[in-house]
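Nothing in this text is a laboratory measurement; each read-out follows from the coordinates by a stated rule. Predicted model only: the values in this text are computed from it and were never measured. Counting neighbours? That spans all protein chains shown, and the Cβs are built from the backbone with ideal geometry, glycine included.
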Amino acid sequence: MAKPIRPLSVDLRNKIAAGEVIERPASVVKELVENSIDAGATRIDVVVEVGGEQLIQVTDDGSGINAEDLELAFERYATSKIAVADDLFKINSLGFRGEALASISSVADIEIESCPSTSDTGNSLNIRNGEASPVQPAPAVQGTRITVRNLFSRLPARRKFLKTPRTELRHIVSMIRRFALAHPQIAFRLNADGRELFNLSPEKFPHRIGAVFDPTYRENINKVEFSKGQFTIAGAIGNLNLVRTRPGEQYLFLNGRYINNRLLNSAVYSGYHSLIKRGEYPFFVLNLSLPAREIDVNVHPMKLEVRFKDEWRIYHVLKSAIEESLQDVEQTIPEFEQTAAPIEIVPDKGPVPDRRSDAIPAGNGQVKFPSHSASEDLSPRQQTAGLERAKSYASQLAAGGAAGTDDWLVSEGIFQIHNKYIVAEISSGMVIIDQHVAHERILFEEAQAAFEQHPIGAQTLLFPEVLEFAPDEFSTLLDVVPALEKIGFRLKEFGKNTIMVEAVPAVMGWGNERGVIRDLLDHYTSHRQEHSSYQDAVAASFACHAAIKAGDPLSKEEMQVLVNQLFATKHPYHCPHGRPIIVQLSLKELDKRFER
């Protein structure tokens, strides 16, 4: 039997609308901060507790709301920013639909205090369970303070989809960073659970970049100022010192509004076409200024996507702006940092000996294998395991023929090609080993063993390195510090979002601690979903960045050590990410190629 059609209640309509606008606590922060910016605020303070689930409070010194408008502000589609249909095509404010406060009040308890600049008294309003109390007098402090409590408390089905408080806080930090970059003339403060994460004064754009990320960023950015017709592009792009192996530091704004646009992002990457390779992401913070009639921002519930009248024209203008900024080659090429004198390393004398403590640091901060026999580098058990595994593998490759006891991978016929691959002769043909991923596999299993019971030895730095991180990066670092310490890092908290590196793994070269730890965090963030535990993700990240690289020359003895260690691992055929380590070319295939 067909069910009757009937209109939904106002409360249910607002909850449905909230589902489109309020995805998580960071969405609430976004909507409230946008209202503060639209109100002309010069200072915005944000306080959150328990990742924003328990409390979100946004205070500004903007124009405020009149007493007679307070209740109306929480009505759906009530706004001061548009009045007629034509206004939708000349929007110059961040908000305009009048949905935010109505949506928030339908899924949380909310209190607002506001005092217009033209008034001597303030007013307040409380909304509990969707019901508004009468407007009450409040202190005459110019601006608006909105306090949101118990988000989604009346929607347990929505609340269960929230992540951990730390994860939700990271999204809030990311949101505040966007606003801070787009509006450096505004002071921002973010306090989370009593801890101050941001305290930014009004400042010039390059200083804001240094304050939001890391002071070193200011030294590695190129200014962008480009105009063509009615289009203007301003901001900064990073030189190659700021290229990362994962996306996340690419910020594109349209008339001060953060947007997602793959085509315009690709325009920036195209501007770097001869400087970066696939899988690398340059740093940029760019604001496109276009006439309001050239765009339509009313196409996405959270206004993250926009529609352009001529998107490809903007693509080419943006690409030209990047290419022009990168013409100054001296500012683009990364610096070659070389210490005037070698940094002394003081080996730790702990109870756990490091069987590779005599590894030789290479000039590029990587590690090369010591030039001695495999028997000195491996324990008797590992020598036997590696030899037997290699013999077994050689026998399998012999296509049914028996391999001799001395006919295994490491033989006199071993050599290196292009400082990248190790080639070895076997009775059934030849094998090619990727030296980087082979070493990755070795270090990955060493790190796994370190987590179990055999920590990797550390080498103490005579001059500890102090590293400063963005708040969300620092939060990620805190997640993995216990694992990093097991594999040989020794880290100490050294102030706000800052650590001191006192020691590094003995299997890793020194001199590039900043780059290695940042790369390790990038790699961990990008690949942790591929692993069953966070320790495996850390182990894979460490292995990738501590392993010898393609381009590192190896002696015959070093190649022999590497291959022996490879075949002493549990899984010598694939790296931690699934890439093959060994490729075999049979004698039969060679004969076929040469038509024998």
**Request:** Cross-chain or 8 or more residues apart, Cα under 19 Å: how many lysine pairs in the range 10-200 fit that? Count them up, please.
**Result:** 5
**For the range 536-548, 3J(HN,Hα) per residue [Karplus equation, 6.51 cos²θ - 1.76 cosθ + 1.60, θ = phi - 60°, Hz, x = Gly/Pro]** = 5, 5, 5, 4, 5, 5, 4, 4, 4, 8, 9, 6, 4
**Fraction of the pair-distance distribution of the range 472-596 above 24 Å, Cα-Cα pairs, percent** = 42
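Taking the Cβ-Cβ separation of Glu452 and Ala550 as r and a Förster radius of 25 Å, what is the calculated FRET efficiency to the nearest 0.05?
Working: r = 30 Å, r/R0 = 1.21.
So, using R0 = 25 Å, E works out to roughly 0.25.
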**Asked** What dipole magnitude, in Debye to the nearest 20, does the range 208-332 give about its Cα centre under +1 on Lys/Arg Cβ and -1 on Asp/Glu Cβ?
**Response** 380
**Complete:** quick shape note, the range 138-290: Cα extents on principal axes in Å, largest first -> 54, 39, 32
**Prompt:** Where does the charge balance sit around Arg43 when Lys and Arg score +1, Asp and Glu -1, over other residues with C-beta under 10 Å from its C-beta?
**Reply:** -2
**Message:** Only counting other Cβ atoms within 10 Å, I'd like Thr498, Thr147 sorted with the fewest neighbours first.
**Reply:** Thr498, Thr147
**Request:** Quick one: which residues, 5+ away or cross-chain, put their amide H under 5 Å from the amide H of Arg128? H built at 1.01 Å from N.
**Result:** Ser133
**Request:** Based solely on C-alpha atoms, express the radius of gyration and the Dmax of the range 208-332 in angstrom.
**Result:** 14.2, 43
**Item:** Separation in nanometres of the label points that stand 7 Å from Cα toward Cβ, at Ser80 and Leu263
**Value:** 3.6
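Over the range 100-162, what portion of Cα pair distances is larger than 17 Å, expressed as a whole percent?
On the way: 881 of 1953 pairs.
Above the 17 Å cut-off, the range 100-162 has 45 percent of its Cα pairs.
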**Item:** Computed FRET value (nearest 0.05) for Arg596 with Asp310, which takes r as the C-beta separation and R₀ as 51 Å
**Value:** 0.25
**Request:** Looking at the range 208-332, send over the antiparallel percent of its DSSP beta bridges, to the nearest 5.
**Result:** 80
**Request:** Decide, for the range 10-200, between rounded, prolate and oblate: order the square roots of the alpha carbon gyration tensor eigenvalues as a ≥ b ≥ c, take rounded if a/c falls under 1.5, and otherwise choose prolate if a/b is larger than b/c, else oblate.
**Result:** rounded
**Asked** Label-point separation (nm) for Arg149 and Lys3, each offset 7 Å from Cα along Cα-to-Cβ?
**Response** 3.5
**Asked** Say the dipole of the range 456-546 comes from +1 at the beta carbon of Lys and Arg and -1 at that of Asp and Glu; which of Met500, Val480, Ala543 then lies farthest toward its positive end?
**Response** Met500
**Asked** From the phi of every residue in the range 206-223, what ³J(HN,Hα) in whole Hz does the Karplus formula 6.51 cos²θ - 1.76 cosθ + 1.60 yield, where θ is phi - 60° and glycine or proline is x?
**Response** x, 5, 5, 4, x, 6, 7, 9, 7, x, 5, 4, 4, 7, 10, 10, 9, 6
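At a Förster distance of 45 Å, what's the computed FRET efficiency of Ala140 paired with Lys160, Cβ-Cβ distance as r, to 0.05? Don't jump to the answer; show the numbers that get you there.
Working: r = 42 Å, r/R0 = 0.93.
For Ala140 and Lys160, the calculated efficiency is 0.60.
Could you size up the charge dipole of the range 10-200 around its Cα centre, putting +1 on the beta carbon of Lys and Arg and -1 on that of Asp and Glu, and report it in debye to the nearest 20?
Details: 23 positive and 26 negative charges, 198 e Å.
Using only the charged Cβ atoms, the result is roughly 960 debye.
Using only alpha carbon pairs under 8 Å that are at least six residues apart, calculate the relative contact order of the range 165-248 and give it in whole percent. Can you show the working numbers first?
Numbers: 86 pairs, mean separation 14.3, N = 84.
Computed value for the range 165-248: 17 percent relative contact order.
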**Message:** Going by amide H atoms built from the backbone, whose H comes under 5 Å of the H on Cys575, apart from near neighbours?
**Reply:** Ile581
**Complete:** Per the rule of 0.36 nm per residue minus the C-alpha distance, extending Thr460 to Glu71 adds in nm 133.7 nm
**P(r) weight above 24 Å for the range 456-546, C-alpha pairs, percent** = 12
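Based on other C-beta atoms within 10 Å, arrange Ile37, Ile44 from fewest to most. Walk me through the numbers before you get to the answer.
Working: Ile37 20, Ile44 26.
Going from least to most buried by this count: Ile37, Ile44.
So how do Tyr77, Tyr315, Tyr524 line up by other beta-carbon neighbours within 10 Å, fewest first?
Ascending Cβ contact count within 10 Å gives the list Tyr77, Tyr315, Tyr524.
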